[in-house]
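Undergrad: Okay, here's the structure, questions in a sec.
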Protein chains: 2
Amino acid sequence: MSTNPGFFPHLSVDCVLLGYDGEKLNVLLVEYGSELDTEKFSSQKLPGSVIYDNEDVDDAAERVLYELTGIKNIYMKQFKCFANPDRTKNPRDKYWLENAIRQKIGRIITVGYLALLRIDKKGPQLSKEHNATWCPLDELQSLAFDHNLIIEDAVKQVRKEIEMEPAVLFELLPKKFTALELRTLFDMVHGVKADVRNFHKKIAAMEYVVPLEERQSNVSHRAARYYRFDKKIYNKIHG
Amino acid sequence: MSTNPGFFPHLSVDCVLLGYDGEKLNVLLVEYGSELDTEKFSSQKLPGSVIYDNEDVDDAAERVLYELTGIKNIYMKQFKCFANPDRTKNPRDKYWLENAIRQKIGRIITVGYLALLRIDKKGPQLSKEHNATWCPLDELQSLAFDHNLIIEDAVKQVRKEIEMEPAVLFELLPKKFTALELRTLFDMVHGVKADVRNFHKKIAAMEYVVPLEERQSNVSHRAARYYRFDKKIYNKIHG
């Protein structure tokens, strides 16, 4: 057993916050950019940074998210460690990072954190310091480091969790929702377009999606029925 | 954003292989020990070591497992990064590690890998170089570093996965198995003693556990019926 004594990896955390706004699934990004060899570059990145000396990764993720976006009290789950030696191969990324942390770096390994949440006018509020913004997943540009890949993996993880534990999906919807709202969310998460008729069958088969008497009001089209998610029925089936 | 320039964490991988031998759930350990301040110490640890300069963590886990135990071609899943700053607080652990990798270390962060497998006379074969041995979970001593905690977390992870995907459990059993064998495995994994009667009801409710006509032979007690796991029925229900 031996390693190169010059090899000191830095460890960072990166937070993938996936937010559903009722229409699209978005990911939270912060600004990223600098000037290298007189050429300016700018893009976006996930909220993330190196961990402190005496800090566990979970604490680092919470701190970094707050520092870069102003968001706190969000439960994030560690989902994967990204350690491909090529993840900092772009000299811009390395230059930006060395500037940001005021240290030469060799290699940086990051631990990915994930949260799925509902976003609306009420929140969460974003701080302006690092231009934190929600970007729809289908409008993602090329991001810094391997952040596109990290987001892809996070979405795969979410799909897997929803398959195992469908309740997760309903936490993103309002208390009463229409079949269209549920289908839109479902399509968004799975990256597919579900057949409308089959989807209605699917809803009918989900005993924990309970139709209400109430319908939409003040709509120009035919008022759709509301449904609600029944946690008790769900727990009986999935418990 | 700033970090102490003297802070260079090392990154390692640790492999938790949980093996079921038909009676007990075991974890694979290797020897660990040295002499510090003229006092000899010895114990056991998980197969694990620091990652190489140009190595991804998945590759490191595969390499380290092979080097320390002789086992290869086992699918291991990354399950958690352990980064508590206190995880190397025991001077023995630090001393042993610095000796092993011939480097001073500050802090070491490890990525845990997990595999669940069946062990029997056929394998897997273990190399002798580091005294790799299977230790029953209920006989674990105090291990090096935070390895007891890592194993605890790994077992929790396995329980969660089996709850979500019960098929995992049946991969540990022979093709035909008795209710007692299934119950023993179930108890072992969940760390409980299931009530015998309730457990028979549970088996009856699992449509994918199919009773066979065949019974045990050459046993002194009443010959128990064999069951088999039906993957097709299972997939219909869980697919």
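Undergrad: Under 5 Å between amide hydrogens, which residues at least 5 positions from B:Tyr20 or on another chain qualify, with H placed 1.01 Å from N in the peptide plane?
TA: Those lying under 5 Å, H to H, from B:Tyr20 are B:Asn26, B:Leu117, B:Arg118, B:Ile119.
Undergrad: In sequence order, what are the phi-derived ³J(HN,Hα) couplings for the stretch B:17-34 according to the Karplus relation 6.51 cos²θ - 1.76 cosθ + 1.60 with θ = phi - 60°, rounded to whole Hz, with x for glycine and proline?
TA: Ordered by residue, 3J(HN,Hα) equals 9, 9, x, 9, 9, x, 10, 9, 9, 10, 10, 7, 10, 10, 6, 7, x, 5 Hz.
Undergrad: Be a star and scan the stretch B:62-103 for residues whose amide nitrogen sits under 18 Å from the point 7 Å along the Cα-to-Cβ vector of B:Leu149.
TA: Under cut-off, by backbone N: B:79-95, B:97.
Undergrad: Same structure again: Within the stretch B:1-113, how many lysine pairs that are 8 or more places apart, or on different chains, have C-alpha atoms less than 17 Å apart? The partial results should precede the final answer.
TA: Values: B:Lys40/B:Lys94; B:Lys45/B:Lys89; B:Lys45/B:Lys94; B:Lys89/B:Lys104; B:Lys94/B:Lys104.
Taking the stretch B:1-113 as the scope, the lysine pair count is 5.
Undergrad: Mind checking the dipole of the stretch A:10-164: about its Cα centre, +1 per Lys or Arg Cβ, -1 per Asp or Glu Cβ, Debye to the nearest 20?
TA: 60 debye
Undergrad: Could you tell me the calculated FRET efficiency between A:Arg159 and B:Glu39, based on Cβ-Cβ distance and R0 = 41 angstrom, to the nearest 0.05? The partial results should precede the final answer.
TA: On the way: r = 53 Å, r/R0 = 1.29.
Computed FRET efficiency for A:Arg159 and B:Glu39 comes out at 0.20.
Undergrad: Net charge within 14 Å of A:Asp56 by Cβ-Cβ distance, Lys/Arg positive one each and Asp/Glu negative one each, not counting A:Asp56 itself?
TA: -3
Undergrad: Rounded, prolate or oblate, given the Cα gyration tensor of the protein assembly as shown, with a/c below 1.5 counting as rounded?
TA: Oblate, since a/c reaches 1.5 and b/c is not below a/b.
Undergrad: Follow-up. Rounded to the nearest 100 Å², what is the sum over both chains of accessible area buried where B meets A, with a probe of 1.4 Å?
TA: Counting both chains, the buried surface is close to 3300 Å².
Undergrad: Additional query: How high is the relative contact order of chain B, in percent, with contacts defined as C-alpha pairs under 8 Å that are six or more residues apart?
TA: 23 percent
Undergrad: Rank by packing, highest mean first: peptides A:108-121, B:64-77, B:189-202, with packing defined as the count of other Cβ atoms within 10 Å averaged across residues.
TA: Numbers: A:108-121: 20.4, B:64-77: 17.4, B:189-202: 12.4.
By packing density, highest mean first, the sequence is A:108-121, B:64-77, B:189-202.
Undergrad: A further question follows. Based on the Cβ-Cβ distance of A:Lys121 and B:Ala224, what FRET efficiency does E = 1/(1 + (r/R0)^6) give at R0 = 60 Å, to the nearest 0.05?
TA: Plugging the Cβ-Cβ distance into 1/(1 + (r/R0)^6) gives 0.40.
Undergrad: If you filter the stretch B:144-239 for GluC sites (Glu not before Pro), then keep DSSP loop positions with at most 16 other Cβ within 10 Å, what is left?
TA: B:Glu171, B:Glu207
Undergrad: What percentages, rounded to whole numbers, describe P(r) for chain B computed over all alpha carbon pairs with 10 Å bin width beginning at zero?
TA: With 10 Å bins starting at 0, P(r) equals 7, 28, 30, 19, 11, 5, 1, 0.
Undergrad: Taking 56 Å as R0, compute the FRET efficiency from the Cβ-Cβ separation of B:Ile105 and A:Lys232 and round it to 0.05.
TA: After rounding, the FRET efficiency stands at 0.60.
Undergrad: Give the Kirkwood hydrodynamic radius (Å, one decimal) of the stretch A:51-144, defined as one over the mean of 1/r across all pairs of different Cα atoms.
TA: The Cα-based Kirkwood calculation yields 15.4 Å.
Undergrad: Right, here's the next one. Calculate for the protein assembly as shown the 222 nm mean residue ellipticity that helices alone would give, adding -39,500 (n - 2.57) per DSSP H run of length 4 or more and normalising by residue count, nearest 500 deg cm²/dmol.
TA: Dividing the helical sum by the residues of the protein assembly as shown leaves -9500 deg cm²/dmol.
Undergrad: Take every Cα-Cα distance within the stretch B:110-239, group them into 10 Å bins from 0 onward, and report for each bin the whole-number percent of pairs it holds.
TA: Cα pair-distance distribution for the stretch B:110-239, in percent: 10, 34, 34, 17, 5, 0.
Undergrad: Heads up, I need the accessible area for B:Val50: 1.4 angstrom probe, whole protein in place, Å², nearest 10.
TA: Here the accessible area works out near 10 Å².
Undergrad: Just to be sure I understand: of the beta bridges DSSP finds with both ends in chain A, what percent are antiparallel, rounded to 5? Show your work: numbers first, answer last.
TA: Numbers: 30 of 41 bridges.
The antiparallel fraction comes to roughly 75 percent.
Undergrad: With heavy atoms of protein chains only and a 1.4 Å probe, what residues of the stretch B:31-70 have at least 20 Å² less accessible area in the full set of chains than alone?
TA: B:Ser49, B:Ile51, B:Tyr52, B:Asp53, B:Asn54, B:Asp56, B:Val57
Undergrad: Where only protein heavy atoms count, and the probe is 1.4 Å, what is the accessible area per residue for the stretch A:167-238 in Å²? Display every interim value, and only then the final one.
TA: On the way: 4790 Å² over 72 residues.
Normalised by residue count, the accessible surface of the stretch A:167-238 is 67 Å².
Undergrad: Next question. Give me the percent of the accessible area of the stretch A:167-238 that comes from carbon and sulfur atoms, probe 1.4 Å, all protein chains in place.
TA: Ligands and nucleic acids excluded, carbon and sulfur reach 52 percent.
The values are calculated or read from the model by the stated rules, or taken from the named source; none is laboratory data. None of the values given here were measured: they were computed from a predicted structure. Backbone-built Cβ (ideal geometry, glycine too); neighbour counts: all protein chains shown. Just so you know, the surface numbers come from the protein's heavy atoms only, side chains and all, with ligands and any DNA or RNA stripped out. Shrake-Rupley method; radii C 1.70, N 1.55, O 1.52, S 1.80 Å.
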